[in-house]
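Since every read-out is calculated from the coordinates, none of them should be taken as a lab result. Since we're looking at a predicted model, the values are computed, not measured. Quick reminder, even Gly has a Cβ in these numbers, built from the backbone with ideal geometry, and neighbours come from all protein chains shown.
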Amino acid sequence: MILNTQITSGNSEIDEMFGHFSRGQLYVLAGRPMMGKMPLMLNIASVCSTDVPTLFFNLDLSQDNLKKMYNLGFTDVFDDLRYFEEAEFDRLLLHKDYALVVVNYLQLLASGSKHNLAYLKKMAKKNNTCIVLILQLDRTCETRQDSKPSLADVKRMFQDSEPLLKYTDGIIGVYNINREIKYNAEQLKTIQLIKLS
């Protein structure tokens, strides 16, 4: 549901943290593997897709494998990097006015402009869409007694961390106390979300 430019995620924590996702904005969802980042965003994408056009870029699994693993509530899934070229991205959003675009995950985007936060923010604003980037963190946070992700953990994933705060509109840390449960609704119940920026 869009209220002006706002997109209700269906996740009360995220909506409370940021006053809803908004078109033209860029968000980062960061955490270690197996914390439930992708199931969380697939759930949010499914909820959003009932009200607004929603697109999921899954670069980690093929479109067919993703649909086998998850009961998707939407059909617009891409696994082709060429759609992140500016002309292709523009064409894609001209064809359908996507309000929400999720990318799983940032490190799998090719180096260069497509891994550039300034470029991704430009694409969000130019096409009036909300882009959410899933980011895999390294093991550093697990060496601490409190292994929840921090903003420093996110910054470490970028050669130059200055654009991280300049171009993103929100950074969310994802932590799960139960890493044994994989890829189902039970995993979503134990996820903790942390507002990092």
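Quick rundown of the values:
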| read-out | value |
| --- | --- |
| DSSP beta bridge pairing in region 2-195, given as percent antiparallel to the nearest 5 | 30 percent |
| Amide H partners (placed H, <5 Å) of Asn176, local residues excluded | Gln192 |
| Convex hull projection area averaged over all views, region 2-195, Cα basis, nm² | 10.3 nm² |
| Set Lys125/Lys195; Lys67/Lys122; Lys67/Lys96; Lys37/Lys96 screened for pairs whose C-alpha atoms are more than 28 Å apart | Lys67/Lys122 |
| For Asp60, distant residues with modelled amide H under 5 Å away | Tyr105 |
| Backbone HN-Hα couplings from phi across region 128-133 [Karplus 6.51/-1.76/1.60, Hz, Gly and Pro as x] | 6, 10, 8, 10, 10, 9 |
| Mean separation of Cα contacts under 8 Å, 6 or more apart, over the residue count of the chain: relative contact order % | 30 percent |
| Highest-MSF residue in the chain out of Met123, Met38, Met157 [GNM, Cα springs under 10 Å] | Met157 |
| Dipole of region 2-195, positive direction: furthest Cα of Met35, Asn127, Val101, with charges on the beta-carbon | Met35 |
| Order of Phe18, Phe84 - criterion: other Cβ atoms within 10 Å of each residue's Cβ, fewest first | Phe18, Phe84 |
| GluC sites (Glu not before Pro) within region 6-92, DSSP loop, no more than 16 other Cβ atoms inside 10 Å | Glu85 |
| Label-point separation in nm, Lys189 to Arg139, each point 7 Å along Cα→Cβ | 3.1 nm |
| Phi to ³J(HN,Hα) by Karplus 6.51 cos²θ - 1.76 cosθ + 1.60 over region 13-25, Hz, x for Gly, Pro | 5, 5, 4, 6, 4, 10, x, 6, 5, 10, 4, x, 10 |
| Charged-residue dipole, Cβ positions (Lys, Arg, Asp, Glu), the chain about Cα centre, Debye nearest 20 | 260 debye |
| Residue-averaged [θ]222 nm for the chain, counting only DSSP H segments that reach four residues, each worth -39500 (n - 2.57) | -8500 deg cm²/dmol |
| Sequence-distant residues sharing a close amide H with Leu196 (under 5 Å, placed H) | Ile171, Ile172, Gly173 |
| Using θ = phi - 60° and Karplus 6.51 cos²θ - 1.76 cosθ + 1.60, couplings along region 160-172 (whole Hz; Gly, Pro as x) | 10, 8, 4, x, 4, 7, 6, 9, 8, 9, x, 10, 10 |
